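*Asks:* My structure is below; once you've seen it, I'll send some questions.
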Amino acid sequence: MKFYSTHPSHHKVSFREAVIKGLAPNQGLYMPERIPVFAKNYFDNLHKKTFQEIAFDVARAFVEDEIPTDVLKAIIDQTVTFDAPLVEIEKNIFSLELFHGPTLAFKDFGARFMSQVLGYFVANEKKEVIVLAATSGDTGSAVANGFLGVPHTKVVVLYPSGKVSDIQEKQFTTLGKNILALEVNGTFDDCQHLVKQAFADPKLNEELFLTSANSINIARLIPQAFYYFYAGSRISQKQNIVFSVPSGNFGNLTAGLFAKRMGLPISHFIASTNANDSVPLFLKTKYFEPKPSVATLSNAMDVGNPSNFARILNLFEHHFNLLASEISGYAFSDEQTQSAMRSVFKQSGYVLDPHGAVGYLGLKKYQSKNPQTAGVFLETAHPTKFKEVVESTLQTQIVVPEKIQTFLLGTKKSILLPANYEAFKEVLKNETLMMQ
Ligand SMILES: *Cc1c(COP(=O)(O)O)cnc(C)c1O
């Protein structure tokens, strides 16, 4: 399988090169040249397969022979070490709980897969690889934990100062070893811009072996298709399945579209956002206007210019009507989010985190017009990751899972930085030299 750039170019690369580069040289995002399609009868037995077996089949379809079978099996077994339960919280409303990994968010799937794939591909390189990750919260913790201790790799996490939760911050600032945290005086978009500038700087790339671990890396995206298949395997295929995806950079939704193209019967997608509503607005007006991000309670989705939007446009070959026939988009305020968290808790005792609540709201809105559907919303983070908000909204105490307690005991270590490229470059060069 070859991968092409979403920006026009005839150059195609291998999976290995797409993973190592992260972003294409012309600044586009890598896309598989075709989406592999499973035979129809593959789905007849899907319910008999384990999560790991399904994940292997999906990964194999993209990776082809670039990773030997035993290595890919081991990578999958090290990635999918936890379940993704489907919990029916109301009739025909399922929460797909993607938060049972080590950092309690769905990004564990992508980060754990990518770190091992990259580790495999660079094992024989002369220079160590430096992984740059801009984060609005959850990417940083998942990537840092995925790469912690992986040989030949160093991770630099950039995050907006004061704009991530305490627990999130602790998960990437307390690790040490091959993980460095840069606290940027700015927004998530500033962090993402610094990373993009670094990749576009030829001189820096001669000195340092840089790659990215944001959802732009194709090895982050592919494993996110695993759980759509797994969820699909456990819902009767006689029903129309719709997925509501609480979205920020739109990697999760893009992976769902991949799953559908691969043959998984999904009748519709709902792009659910907070006040950062460029995609729902696009679906309404046909005009895509990136905006500066605004801070909300569902802060991991505070993205004004979602990078994976380019991939979605490519999947639909820029045909608006086709795209709009498969995806609906709705945006919700913080007040609506909190009110949904309260009403669900009151009705069923189920605790939503603010991101899952946005997904739930999108699903309810869609189902109010399309009642004959089995609705799944992605519950992307454990409520404990947003403990303060959840507890004050629900007026109840939530129990912090044990795996998080250890992070909370650690001491934060970060380097403060203005949102300025020259300053970032200096720190990057000096500090990565000093790391173990
Ligand atoms: C990253 C994140 C999202 C948004 O996912 P995208 O793939 O960027 O759209 C949603 N919820 C949580 C908890 C996240 O960490």
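*Asks:* List the lysines whose alpha-carbon lies under 18 Å from that of LYS107, not counting same-chain residues fewer than 8 positions away?
*Replies:* LYS170, LYS385, LYS403
*Asks:* Sorted by packing (mean other beta-carbon atoms within 10 Å per residue), highest first, where do 37-46, 192-201 land?
*Replies:* Packing proxy ranking, top to bottom: 192-201, 37-46.
*Asks:* Say the cut-off is 18 Å between C-alpha atoms; which of LYS177/LYS413; LYS91/LYS364; LYS260/LYS364; LYS91/LYS346; LYS40/LYS238; LYS154/LYS177 go over it?
*Replies:* LYS260/LYS364
*Asks:* If you put +1 on each Lys and Arg Cβ and -1 on each Asp and Glu Cβ, how big is the dipole of segment 270-343 around its Cα centre, in Debye rounded to 20?
*Replies:* Charge dipole of segment 270-343: 60 debye, to the nearest 20.
*Asks:* What percent does the relative contact order of the chain come to when contacts are Cα pairs within less than 8 Å and at least six residues apart?
*Replies:* That works out to 19 percent.
*Asks:* If we sort 304-317, 344-357, 372-385 on the protection proxy, mean other Cβ atoms within 10 Å, highest first, what's the order?
*Replies:* 372-385, 344-357, 304-317
*Asks:* Would you mind giving the three semi-axes, in whole Å and largest first, of the ellipsoid equivalent to segment 121-209 according to its Cα gyration tensor?
*Replies:* Details: eigenvalues 99, 61, 13 Å².
Largest first, segment 121-209 gives 22, 17, 8 Å.
*Asks:* Any chance you could check the Cα centroid distance between segment 395-436 and segment 131-163 for me, in angstrom?
*Replies:* 8 Å
*Asks:* In addition: Antiparallel DSSP bridges in the chain: what percent, to the nearest 5?
*Replies:* Counting only bridges with both partners in the chain, antiparallel ones make up about 20 percent.
*Asks:* Oh, and also: Work out how much length GLU207 to ASN240 would gain on full extension: take 0.36 nm times their residue separation and subtract the Cα-Cα distance, in nm to one decimal.
*Replies:* Result for the pair: 6.7 nm of gain on full extension.
*Asks:* Among ARG220, ARG34, ARG16, rank each residue by its count of other Cβ atoms within 10 Å, from fewest to most, as a rough exposure measure.
*Replies:* Exposure proxy ranking, most exposed first: ARG34, ARG16, ARG220.
*Asks:* What percentages make up the Cα-Cα pair-distance distribution of segment 367-436 when the bins are 5 Å wide from 0?
*Replies:* Each 5 Å bin holds this share of Cα pairs: 3, 10, 11, 11, 10, 11, 15, 11, 7, 5, 3, 1.
*Asks:* Once you charge only the Cβ atoms, +1 for Lys and Arg and -1 for Asp and Glu, what is the size of the charge dipole of the chain about its Cα centre, to the nearest 20 debye?
*Replies:* 680 debye
*Asks:* Moving on to the next point. Calculated from DSSP H runs of 4 or more alone, at -39500 (n - 2.57) each and per residue, what is the 222 nm mean residue ellipticity of the chain, nearest 500?
*Replies:* Value at 222 nm, helices only, nearest 500: -12500 deg cm²/dmol.
*Asks:* Sort MET341, MET1, MET114 so the one with the fewest other Cβ atoms within 10 Å of its own Cβ comes first.
*Replies:* Ordered by Cβ neighbours within 10 Å, fewest first: MET1, MET341, MET114.
*Asks:* Ok, one more. Can you tell me which of 94-107, 130-143 comes out highest on packing, and rank the rest after it, using the mean Cβ neighbours within 10 Å? Please list the in-between numbers first.
*Replies:* Values: 94-107: 24.7, 130-143: 28.0.
Top of the packing list down: 130-143, 94-107.
*Asks:* For THR173, THR432, THR393, which order do you get if you count the other beta carbons within 10 Å of each Cβ and list the fewest first? Before the final figure, lay out each step's value.
*Replies:* Numbers: THR173 26, THR432 17, THR393 23.
The fewest-first ordering by Cβ neighbours comes to THR432, THR393, THR173.
*Asks:* Compute the semi-axes of the equivalent ellipsoid of the chain, taking the square root of 5 times each eigenvalue of the Cα gyration tensor, and list them largest first in whole Å.
*Replies:* Semi-axis lengths for the chain are 31, 26, 21 Å.
Bear in mind that the values in this text are calculations on the coordinates, not laboratory data. Just so it is clear, the structure is predicted and the values come from calculations on it, not from any experiment. Here Cβ is always computed from backbone atoms with ideal geometry, including for glycine, and neighbour counts include all displayed protein chains.
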